[in-house]
Amino acid sequence: MFAAENGLRGDPRLQGISKAIRVVPDFPIPGIMFQDITTLLLDHKAFKDTVDIFVDRYRDMGISVVAGIEARGFVFGPSIALAIGAKFVPLRKPNKLPGEVISEAYVLEYGTDRLEMHVGAIEPGERALVIDDLVATGGTLSAAVRLLERMGAEVVECACVVGLPEVRVRLVVASSLLHLCKMALGLKLLLLLDKSSQFHITGTTQT
Amino acid sequence: MHAAASLLNSSNLSLRFASQTQTRLSPWIAAPSSVRLPLNRSQNYRIALPPLHSTVSGDSTQPQQMASADVKAQDPRIAGISSAIRVIPDFPKPGIMFQDITTLLLDTKAFRDTIDLFVERYKDKNISVVAGIEARGFIFGPPIALAIGAKFVPMRKPKKLPGEVISEEYSLEYGKDVMEMHVGAVQAGERALIVDDLVATGGTLSAAIRLLERVGVHVVECACVIELPELKGRERLGEKPLFVLVS
């Protein structure tokens with residue numbers, strides 16, 4: 001599930017990737033330590049390594065669709081799609097995609113939001129990968145998985161650069177509650193970086 | 001109008017131009033699809049297509065301009081890219097013929113060709129920054145940046161970027177919007193490319209140019225997949241070169 005557990009432990013590229021991500025305190029609201037991947041994008045080697053690690057993993061899995069979640073999923077997804085010969089499907093906030101869409105609601109801390117996908121973008125039976133920069137509660141990823149599954153795709157995995165502590169807690173809890181939490185169990189999740197241990201140390205990342 | 005709309009929304013996504021609809025873009029729509037770059041439009045391409053081996057802003061003689069236009073007109077990849085883009089009528093509001101690049105992203109060859117065409121043009125131009133405009137510029141910019149060895153800088157709507165930003169206001173058809181860039185993302189003297197899926201009035205691109213130039217970056221060129229020439233974005237960019245694949 002996490003890069004270390006998936007055998008990526010010790011991949012020398014992960015250290016450079018982790019160092020390139022900066023933490024911005026109190027964004028968007030006080031108390032949140034925001035994992036800012038824009039600094040990763042300024043480090044050409046680290047950015048390339050990030051894409052390469054995903055490509056190395058997914059190129060032989062028969063994946064024909066990479067679905068990226070607006071907007072930071074758009075930064076990573078297309079490069080992966082191009083390298084593995086898959087199409088790229090943007091999953092967007094409401095009213096952005098023209099033409100016919102299907103939509104799926106998901107829960108925010110306060111209220112709900114919706115994620116949309118084009119009808120006809122994928123066909124039943126396609127194998128899909130979902131990409132976002134970061135996973136926290138997993139709500140957005142779960143909505144993405146539901147959208148793809150509604151269109152008959154098989155979601156092979158969800159892949160994110162960074163995972164936050166809530167994810168580990170939800171997934172650990174879910175696995176002991178035997179199918180009660182379908183959302184967490186439904187996510188086959190790859191994270192390059194698990195920031196849960198760093199979350200509690202100080203306001204700066206120690207990598 | 002309705003017949004055309006249902007045709008365009010059908011599975012035949014290769015239909016590039018709407019037929020018989022009255023819209024403010026109708027002169028462009030009516031252009032025959034078989035003539036992708038008619039020679040009498042080379043005037044529009046003098047800035048976009050300088051001779052292949054000179055700097056982007058260099059002067060070019062007339063025969064070389066025509067040669068450049070011919071080279072691009074004959075690139076066999078352009079036709080596939082153009083036909084992969086679908087047109088959605090009346091989105092986001094009546095009268096707008098929306099150029100939807102999502103169907104291009106479903107065509108692995110055409111998407112690959114799109115990126116290759118940009119990479120071939122920019123890889124030897126010493127560009128260290130590719131700035132992509134939210135959100136569809138985020139789809140095309142990073143693959144280009146990765147291929148040419150540049151960093152990628154997202155230009156975003158307000159309050160999306162954490163930390164310190166600079167911002168630039170720009171005009172919309174009705175009202176204004178604001179574009180933001182991170183402080184410290186770029187350094188004075190760097191050479192930059194700005195990428196977006198489409199240029200219409202040029203307002204968004206102009207705001208991006210101003211943001212980068214405010215911090216001393218040299219914007220080498222703006223690159224878009226699609227241009228809507230009737231909206232005169234090229235003129236709004238003035239002396240700043242604009243390169244497009246499809247117009």
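The values are calculated or read from the model by the stated rules, or taken from the named source; none is laboratory data. Predicted model only: the values in this text are computed from it and were never measured. As a convention, Cβ positions derive from the backbone with ideal geometry for all residues, glycine included, and neighbour counts pool all protein chains shown. The accessibility values were calculated without ligands, DNA or RNA, using every heavy atom of the protein model including side chains. Shrake-Rupley method; radii C 1.70, N 1.55, O 1.52, S 1.80 Å.
Couplings 3J(HN,Hα) of segment B:191-204, computed from phi: 9, 10, 10, 10, 10, 8, 6, 8, 10, 10, 7, x, x, 5 Hz, in residue order, whole Hz [Karplus 6.51 cos²θ - 1.76 cosθ + 1.60, θ = phi - 60°; x for Gly and Pro]. Per residue, segment A:1-127 exposes 43 Å² of solvent-accessible protein surface, assessed with a 1.4 angstrom probe and all protein chains in place. Charge tally around A:ASP43: other residues with Cβ under 10 Å, Lys/Arg +1 each, Asp/Glu -1 each, net +3. Stretched out straight at 0.36 nm per residue, the stretch from B:ASP124 to B:LYS157 would grow longer than its current Cα-Cα span by 8.8 nm. Around the amide H of A:VAL89, modelled in the peptide plane, lie the amide H atoms of A:VAL66, A:ALA67, A:GLY68, all under 5 Å away and 5 or more residues distant in sequence or on another chain. Residue pairs exceeding 24 angstrom between C-alpha atoms, taken from A:LYS19/B:LYS157; A:LYS19/B:LYS109; B:LYS93/B:LYS240; B:LYS125/B:LYS240: A:LYS19/B:LYS157; A:LYS19/B:LYS109; B:LYS93/B:LYS240. Any chance you could check segment A:27-51 for residues losing 30 Å² or more of accessible area when the partner protein chains are in, compared with the chain on its own (1.4 Å probe)? Buried-area filter returns A:PHE27, A:THR38, A:LEU41, A:LEU42, A:HIS44, A:PHE47. Please give the net charge around A:ALA81, taking every other residue with its beta carbon less than 10 angstrom from that of A:ALA81, where Lys and Arg add +1 and Asp and Glu add -1. Local charge sum for A:ALA81: +2.
The string of couplings for segment B:104-118 from the Karplus curve (6.51, -1.76, 1.60, θ = phi - 60°) is 5, 6, 8, 9, 4, 5, 5, 5, 4, 4, 4, 5, 4, 4, 5 Hz, one whole number per residue in order, with x for Gly and Pro.
Give me the percent of accessible area attributable to carbon and sulfur for segment A:41-100, probe 1.4 angstrom. Intermediate results must be reported in sequence, preceding the final value.
Working: 840 of 1870 Å².
Here carbon and sulfur together make up 45 percent of the probe-accessible area.
Using the alpha carbon gyration tensor of segment B:124-247, what are the three equivalent-ellipsoid semi-axes (square root of 5 times each eigenvalue), largest first, in whole Å? Write out the running numbers ahead of the final one.
Details: eigenvalues 79, 64, 34 Å².
Rounded to whole Å, the semi-axes are 20, 18, 13.
Calculate, for B:ARG214 and A:ASP56, the FRET efficiency according to 1/(1 + (r/R0)^6) with r their C-beta to C-beta distance and R0 45 Å; round to the nearest 0.05. Approximately 0.70, to the nearest 0.05. For the chain pair B and A, the interface hides roughly 2800 square angstrom of accessible area in total, found with a 1.4 Å probe.
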